[in-house]
Amino acid sequence: MRFMMLMIPKGYETAAPETKPDPAKVAPMMKYNDELRKAGILLGLDGLQPPSKGARVTFSGGKASVIDGPFIETKEVLGGYWMINVNSKQEAIDWAKRCPASENEVIEIRQVFEFADFPEEMKQTAGKYPDLKEAVRRGLNRAT
């Protein structure tokens, strides 16, 4: 089972564009990341730059509109994520509990849909793109 562990740092929604991770927290977080790797469950991870450097694309009436960050109405934002492959939701929770997070951080755990989870009609549609998933996993995100 694949799960995303989503880091939600309180206050990050108002972080300035030049905000960087606290150097004192980097070493313990890297050690934790390495433990995930050594356990053979880590599929991917990344930290995200502040929302003040981002943009949102909204859709209304068939048209896309772009809103540049920061996003005033936002209460919680993602600061980063881990993608892990474990045997159960409880195992994902157990790994999240080991994270050296601070009091102002929350980790949300969400299971990823697997192909087998979808009804047959959706599987047929997805089956029209057999190379897509493998190309993304290999990092071939652009047409060559």
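The values are calculated or read from the model by the stated rules, or taken from the named source; none is laboratory data. If you're wondering where the values come from, they're calculated on a predicted model, not measured in any experiment. Positions of Cβ are generated from backbone atoms using ideal geometry, with glycine treated the same way; all protein chains shown enter the neighbour counts. Areas reflect the complete protein model, heavy atoms only, side chains present, ligands, DNA and RNA absent. Shrake-Rupley method; radii C 1.70, N 1.55, O 1.52, S 1.80 Å.
Some observations on this one:
- Condition met for GLY69 (among the small types (Gly, Ala, Ser), touching a Ser or Thr at 6+ places or on another chain (Cβ under 6 Å) and open to solvent by less than 60 Å² (accessible area, probe 1.4 Å)): yes
- Residue list for the range 1-52, filter: touching a residue at least 40 places away in the same chain (Cβ under 8 Å) and in a helix (DSSP H, G or I): TYR12, GLU13, THR14, LYS25, PRO28, MET29, LYS31, TYR32, ASN33, GLU35, LEU36
- Filter result for ALA55 (in contact (Cβ under 8 Å) with a residue 12 or more places away in the chain and more than 16 Å from TYR12 (Cβ to Cβ)): yes
- Test: residue in the range 83-93 that is over 18 Å from MET7 (Cβ atoms), among the hydroxyl-bearing types (Ser, Thr, Tyr) and at pLDDT 95 or above: yes
- Scope the range 80-131; condition open to solvent by less than 90 Å² (accessible area, probe 1.4 Å) and either touching a His at 6+ places or on another chain (Cβ under 7 Å) or part of a loop (DSSP other than H, G, I, E, B) (or both); matching residues: VAL86, SER88, CYS99, PRO100, ALA101, SER102, ASN104, VAL112, GLU114, PHE118, PRO119, GLY127
- The range 53-66, subset touching a strand residue (DSSP E or B) at 6+ places or on another chain (Cβ under 9 Å) and in a strand (DSSP E or B), residue surrounded by the most Cβ atoms within 10 Å (Cβ to Cβ): ARG56
- Every pair of residues 6+ apart whose Cβ atoms lie under 6 Å, when the first sits in the range 86-111 and is over 18 Å from GLY44 (Cβ atoms) while the second is among the β-branched types (Val, Ile, Thr) and surrounded by 15 or more Cβ atoms within 10 Å (Cβ to Cβ): VAL106/ILE8
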